[in-house]
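In what follows, a structure is listed as structure tokens, so that the remarks can point back to it.
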Amino acid sequence: MPGLLTNSDTQSSTIVPFSPEPPTLYNLHHGLTPPLAPRISISWSRGNSLRLSIFKSPDNHPQDEVGGKVVEVKVSGEDVEESGDGVKWRRIVYGSVSPFAHLQNKKNAFMAVSESMGYSSSYDAEWSKYVLEYSKEIKSLLGSRESSPAPLIEDPNTVLQNVEEPSSLKAAWELLEIFYADKHSQGWIPEQLVDWLSDYDSLLSGEMPTVYLRLVEFQAELVNIQVVEDHPAYWQAVSSALAVGWLDVVVNLLRLHGSYQLNQLGNRETENGLVEAVAVLVSKMPRMRADLPDGKLGECWYNKSEFMRAWEKWRGQITKLDCSSFWLQCSHHQTRESLKNLLQIMLGDTNALSSATCHWVELYIAHFLYIRPFTSGLESMHVLAQKCINLKPTSSPHKLMKLLDGIIGENTEVVLAECSRSFGPWMIAHATELLTAGSVQAEILLKEERDNLGGISIEESHRLVYAQVLSSHALTWQIAPIYLISCMKHGVGLLEILLYKQPVYHTQVLLKNIEICRLYDLDSVSANAMKIAGVHHWKHGRKGAGIYWLQQAGDEVRLNRIAQQLFDFVGKSISDESFEQWEGLIELLGSESRTAGGLEFLHRYRDFKKSLQQVQDGVLTDAARKAGEYLISLMKNPSTPQRFWLPLLYDSLKLLNLQERPLLNVSQTNLLLNKLQELSVARLRPDFVEVGLPPQALSSVRLALAANLGRATLEE
């Protein structure tokens, strides 16, 4: 039974609804002198607002006159977190991702199996089952019509129950599911349309008269009606509800008849018997369908032959009642004529059905119920639809009517155009799966590659458009890759562009970027994003974060450049204070050096300085031996810059001057002397850079090495 709406707000079909409210204005007094051309500046403001700064030309304007203004336009009428429509729509957008991705995975698996094992008719049945599951998951996201809590004392005059307003988007989706996805229910499409109209006839009421609107108006008048059977609106509401198959409403209305009152039964027994007989016939109407929802009336028949027998029997009972002599005994003229009109509706009288319905969809369903219950096949359904449209033409048909006409007429172009124009990119991106599964013609049209679209199909084109819509908003860009990756031609390329455009200097965005790249094997994009983030952090003073991300990207070139900058900094002053400033950066390299070049040297130099700080003057300890090993390792390593040789040796003077015994043997000492000789020759080159050491540093190191060599020679 259709319900009485409790909320008339229409759901927005935009991810970020635009506010029709006037913008906030701020006046500007810039005081600039000519010449100054008018200009406009656009930038993001706080929240969901765009700020437009408009500067006028000051010509012919006094200095104190307003020279411009700032217009602040909210993208949504209220804050996004508080916007009911925005939140509801994003819930649909996010909720539809999982069913869509799951269906794409199934499709890829089916394609792989069919390529390896060949086509099988069983695949079609299996695939239809997956598409129907997908459709039902999406439909569940579009809302459910929940009735208001039942009152403790039921009002007998209630015709329609209070329910939430239905969604046009869900109504359109259900139409597509009925005709394209639900293969198991193709035999009782007319009955499905009866249920569909019962749920969504209220949506058509805003633009044209409907049966639903008649019932709503009658329920509003019912409070002031004393004798309902004397009121023409009562019988009009009963006949209209019967014409479209709302049998429970019909029976409830008939039970409001005055002959059911206890003080009237004795005087109006025959009249009451006729009313009750019609109510029983209505409640026993055969329905060719698998089952009925709770509260619906009628008798279900699954088998066509059994339904035909029940149908003929039921029609015979109606004819018998129509020819009964009891009508002559009914003294209430309005009741007698109206009940006989109800019988004519059930017998399929065309004039009675046309008078009881308001638009062609209602008349169309009435024909299915009472004239052509065995109609099957879209061709015959389309012929009947055109007949009903001619009988009840509409100057400005509702978008759902246009969609239904396109579906019945097997006009895929009209269906696509109406879905796109009326319900937006989300609808067309997700509905193509239903269209291709339910129609060969639609599959050919949607999947054919077209030169005017850049070599892609219509299906891929609509997915790219929807992915672009998702990419344009910070709250939905991260789900766009799921739709882009399903586009075989341009999807991956556009996905790379999308990922490159994200502000990767925000850590959370960068991590999301890396995760997406991992899912879709975009290693090069991930590496480039980490490089961009590393350079950004380094340039803005976050040197630790910069080194980390460059290291994650494996960017040896930039890491070596950073090492060069560290060398320049460290080489200017080798004091313990300067060491403490950059020691934390070297810690980021970890216990093992993962890149060659300068950073490897810095890591070793860090270990050398730590060991050197633990050496006691004049005492040969394990720390001194370890520091000596680090020194030799650094001097042997080709990655150690030449300008660091002398600072390393100068820092090691206390190692070379140990009193107990020489720390280095003859070969190690000769190595250091050779390095010192190479350094002396290099100092003659004009491009040699001196480090900040005392003037006597070179002579002190040479003397210490010579003394250590003599002591080591004597000891050996």
Any idea which of Leu511, Leu519, Leu499 is touching a Cys at 6+ places or on another chain (Cβ under 8 Å), more than 22 Å from Thr436 (Cβ to Cβ) and not assigned by the TED database to the domain that holds Phe100?
Leu499
Residue that is out of contact with any His (no Cβ under 9 Å at 6 or more places or on another chain) and at pLDDT below 90, where the choices are Ser380, Ser355:
Ser380
Only one of Phe608, Phe601 is among the hydrophobic types (A, V, I, L, M, F, W, C), at pLDDT 75 or above, under 26 Å from Leu663 (Cβ atoms) and part of a helix (DSSP H, G or I); which?
Phe608
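So is Val249 part of a helix (DSSP H, G or I), within 20 Å of Asp291 (Cα to Cα) and in contact (Cβ under 8 Å) with a residue 40 or more places away in the chain or not?
Yes: the conditions hold for Val249.
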Hey, does region 218-236 have a residue that's under 30 Å from Leu403 (Cα atoms) and assigned to a loop (DSSP other than H, G, I, E, B)?
no
Going through region 124-143 one residue at a time, which ones are among the aromatic types (Phe, Trp, Tyr) and open to solvent by 30 Å² or more (accessible area, probe 1.4 Å)?
Trp127, Tyr130
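Please determine, by comparing only the residues of region 204-218 that are aliphatic (A, V, I, L, M) and surrounded by fewer than 23 Cβ atoms within 10 Å (Cβ to Cβ), which one is farthest from Asp291 (Cα to Cα). Outline the logic, then answer.
Residues of region 204-218 aliphatic (A, V, I, L, M): 204, 208, 211, 213, 215-216.
Filter once more, so that each one left must be surrounded by fewer than 23 Cβ atoms within 10 Å (Cβ to Cβ): 208, 213, 216.
On the way: Met208: 32, Leu213: 28, Val216: 28 Å.
Looking at the filtered set, the residue picked out is Met208.
With respect to Leu446, determine if the residue is assigned to a helix (DSSP H, G or I), touching an Asp or Glu at 6+ places or on another chain (Cβ under 7 Å) and surrounded by 14 or more Cβ atoms within 10 Å (Cβ to Cβ).
Numbers: assigned to a helix (DSSP H, G or I): yes; touching an Asp or Glu at 6+ places or on another chain (Cβ under 7 Å): yes; surrounded by 14 or more Cβ atoms within 10 Å (Cβ to Cβ): yes.
It is true that Leu446 is assigned to a helix (DSSP H, G or I), touching an Asp or Glu at 6+ places or on another chain (Cβ under 7 Å) and surrounded by 14 or more Cβ atoms within 10 Å (Cβ to Cβ).
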Do you know which residues across region 654-669 are closer than 22 Å to Gln613 by Cβ and in a helix (DSSP H, G or I)?
Lys654, Leu655, Leu656, Gln668
Show the residue pairs meeting these rules: Cβ distance below 8 Å; 6+ apart or different chains; first residue within region 504-515 and over 14 Å from His537 (Cα atoms); second residue of a type outside the set (A, V, I, L, M) and in a helix (DSSP H, G or I).
Lys512/Gln478; Asn513/Ser526; Ile514/Ser526
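For region 443-496, which residues satisfy the criterion of being of a type in the set (S, T, N, Q) and without any contact (Cβ under 8 Å) to a residue 60 or more places away in the chain? Before you say what the answer is, go through the steps one by one.
Start the filter on region 443-496 by keeping residues that are of a type in the set (S, T, N, Q), which leaves 452, 457, 461, 468, 471-472, 476, 478, 486.
Matches in region 443-496: Asn452, Ser457, Ser461, Gln468, Ser471, Ser472, Gln478.
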For region 252-276, what are the residues that are without any contact (Cβ under 8 Å) to a residue 40 or more places away in the chain, farther than 18 Å from Gln329 by Cβ and of a type in the set (A, V, I, L, M, F, W, C)?
Leu254, Leu262
If I filter region 423-432 for residues that are at pLDDT below 90 and either surrounded by fewer than 18 Cβ atoms within 10 Å (Cβ to Cβ) or among the hydroxyl-bearing types (Ser, Thr, Tyr) (or both), do I get at least one hit?
no
Test result for Gln236, more than 19 Å from Lys340 (Cα to Cα), out of contact with any strand residue (DSSP E or B) (no Cβ under 6 Å at 6 or more places or on another chain), not aliphatic (A, V, I, L, M) and not assigned by the TED database to the domain that holds Leu193:
no
Residue in region 79-92 that is touching a His at 6+ places or on another chain (Cβ under 8 Å) and modelled with pLDDT of 85 or more present:
no
I need every pair where a residue in region 688-716 that is exposed (fewer than 14 other Cβ atoms within 10 Å of the Cβ) and modelled with pLDDT under 85 has its Cβ under 8 Å from the Cβ of a residue that is assigned to a loop (DSSP other than H, G, I, E, B) and among the hydroxyl-bearing types (Ser, Thr, Tyr), sequence separation at least 6 or different chains.
Gly692/Ser573
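The values are calculated or read from the model by the stated rules, or taken from the named source; none is laboratory data. Only a predicted model underlies this, so the values are computations on that prediction, with no experimental measurement involved. Note that each Cβ is placed from the backbone with ideal geometry, even for glycine, and that neighbours are counted across all protein chains shown. Ligands, DNA and RNA are stripped out before the accessible areas are found, and what is left, the full protein with its side chains, is counted by its heavy atoms. Shrake-Rupley method; radii C 1.70, N 1.55, O 1.52, S 1.80 Å.
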